[in-house]
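K.L.:
Let me begin by handing over the structure; questions about it come next.
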Amino acid sequence: MQFSYRPGKKILDIPDLTIDAGERVFLFGPSGSGKTTLLGLLTGVLNAQQGSVQVLGRDLAKMSGSQRDAFRGSHLGYIFQLFNLIPYLTVEENITLPLRLHADRRKRLDAGLHDEAKAIAARLGIDNLLHENVVNLSVGQQQRVAAARSLIGAPEVIVADEPTSSLDFDHRERFIELLFDCVKQANATLLFVSHDRSLMPMFSRQLSLPDVNRVANTTVAA
C-alpha cells in the first residue's frame, strides 16, 4: 500500500504487511514515521492511493467512503489518540454510540445497552460517571470513555493509538488487562501503538514500522 498527503511526497510505501487473526501486535516507530497514518488506512479513515488494504477479507480500497464508515463501525473498535468524544453527549451516550449507529455490532450484546455500558465502564473505573457530560471529565477519564466505546459490542479488530498515554500506572494496568480480556473473549485482533516500550513483552508480536515502510520520513508528524 502507498499513501501520500501531497503529490510526490509519500508517507507510507509498504509492499507487504500481514497481521493474522487473533494476534496482539505492538506497533512502534519514531514520531513522524507514519504510525497514525497506517492506522487510518487499516481502519478506512484514509484510503490508499495504490495497492490494497484488506481487513477481515474485505478490500477497503474498493469501498466508498460511506461503506468504509459502516464497515469500521460494525467490525472495528478504534481508540483515537485525541479521543474523538462527542462533547454534548453523556459518558454513557458516548460509550454506546457505536451500538446505536450500527445494528450488526448491537446484535453481539449479551444484555441491554445500559447494562453493557455500565459493565464495561465499571471495569475501567468510570461507572460512577455514566450520566456526566464528557467535557466535565479529566483527560484520563475521557481516555477511559474512549476505550470503553471502542471495546463495547465485541468488535473483531481493535486498533489503539497511544491508548495509555494519559493514564496513571494503576489505571494503565487495569486498562491493559481489560483490553486483553475483551480481545480474548471476542477472539479479536489487536493492533496497539505506543511509545511505552515497557509494554512490548505483553504482546505476541512487536512490529517496527520503519522496518516495513520503504519511505524514510521523519518530517511529517504521525
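The values are calculated or read from the model by the stated rules, or taken from the named source; none is laboratory data. Predicted model, so just to flag it, every value in this text is computed and none were measured. Neighbour counts are summed over all protein chains in view; Cβ atoms, including those assigned to glycine, are modelled from backbone coordinates with ideal geometry.
K.L.:
I'd like the residue in region 115-141 that is out of contact with any Ser or Thr (no Cβ under 8 Å at 6 or more places or on another chain) and surrounded by fewer than 15 Cβ atoms within 10 Å (Cβ to Cβ) and, out of all such residues, is nearest to Pro163 (Cα to Cα).
P.N.:
Ser138
K.L.:
Determine, yes or no, whether Gly8 is surrounded by fewer than 20 Cβ atoms within 10 Å (Cβ to Cβ), farther than 17 Å from Pro163 by Cα and either touching a Gly at 6+ places or on another chain (Cβ under 8 Å) or without any contact (Cβ under 8 Å) to a residue 12 or more places away in the chain (or both).
P.N.:
yes
K.L.:
Would you mind telling me which numbered condition in (1) within 19 Å of Val159 (Cβ to Cβ); (2) in contact with a strand residue (DSSP E or B) (Cβ under 8 Å, 6 or more places away or on another chain) Asn84 fails?
P.N.:
Looking at each condition in turn, Asn84 falls short on (2).
K.L.:
If Asp110 meets every condition in (1) surrounded by fewer than 21 Cβ atoms within 10 Å (Cβ to Cβ); (2) in a helix (DSSP H, G or I); (3) of a type in the set (D, E, K, R) apart from one, which number is that one?
P.N.:
(2)
K.L.:
A follow-up question, please. Does at least one position in region 186-209 carry a residue that is closer than 30 Å to Ala103 by Cβ, touching a strand residue (DSSP E or B) at 6+ places or on another chain (Cβ under 9 Å), at pLDDT below 85 and in a helix (DSSP H, G or I)?
P.N.:
yes
K.L.:
I'd like the full set of residues that are small (Gly, Ala, Ser), within 12 Å of the chain's Cα centre (by Cα) and part of a loop (DSSP other than H, G, I, E, B), limited to region 36-58.
P.N.:
Once the filter is applied, which keeps residues that are small (Gly, Ala, Ser), within 12 Å of the chain's Cα centre (by Cα) and part of a loop (DSSP other than H, G, I, E, B), region 36-58 yields only Gly44.
K.L.:
Against the condition at pLDDT 90 or above, in contact with a Leu (Cβ under 8 Å, 6 or more places away or on another chain) and not small (Gly, Ala, Ser), how does Arg68 come out, does it pass?
P.N.:
yes
K.L.:
Now a separate question. If I filter region 17-63 down to residues being among the charged types (D, E, K, R) and farther than 18 Å from Phe80 by Cβ, which single residue comes out as surrounded by the fewest Cβ atoms within 10 Å (Cβ to Cβ)?
P.N.:
Asp20
K.L.:
Applying the selection to region 94-107, what residues are part of a helix (DSSP H, G or I) and either surrounded by 13 or more Cβ atoms within 10 Å (Cβ to Cβ) or out of contact with any Lys or Arg (no Cβ under 8 Å at 6 or more places or on another chain) (or both)?
P.N.:
Asn94, Ile95, Leu97, Pro98, Leu99, Leu101, Ala103, Asp104, Arg105, Arg106
K.L.:
Of the numbered conditions (1) surrounded by fewer than 22 Cβ atoms within 10 Å (Cβ to Cβ); (2) touching a Ser or Thr at 6+ places or on another chain (Cβ under 8 Å); (3) without any contact (Cβ under 8 Å) to a residue 60 or more places away in the chain; (4) assigned to a loop (DSSP other than H, G, I, E, B), Ser166 satisfies every one except a single condition; which is it?
P.N.:
(2)
K.L.:
Inspect region 137-144 for any residue being touching a residue at least 24 places away in the same chain (Cβ under 8 Å), touching a strand residue (DSSP E or B) at 6+ places or on another chain (Cβ under 9 Å) and either farther than 23 Å from Phe203 by Cβ or assigned to a helix (DSSP H, G or I) (or both) and give the result as yes or no.
P.N.:
Looking through region 137-144, at least one residue is touching a residue at least 24 places away in the same chain (Cβ under 8 Å), touching a strand residue (DSSP E or B) at 6+ places or on another chain (Cβ under 9 Å) and either farther than 23 Å from Phe203 by Cβ or assigned to a helix (DSSP H, G or I) (or both).
K.L.:
Check Arg144, Arg105, Arg149 and return the single one that is charged (D, E, K, R) and more than 19 Å from Glu177 (Cα to Cα).
P.N.:
None of the others qualify; the one that does is Arg105.
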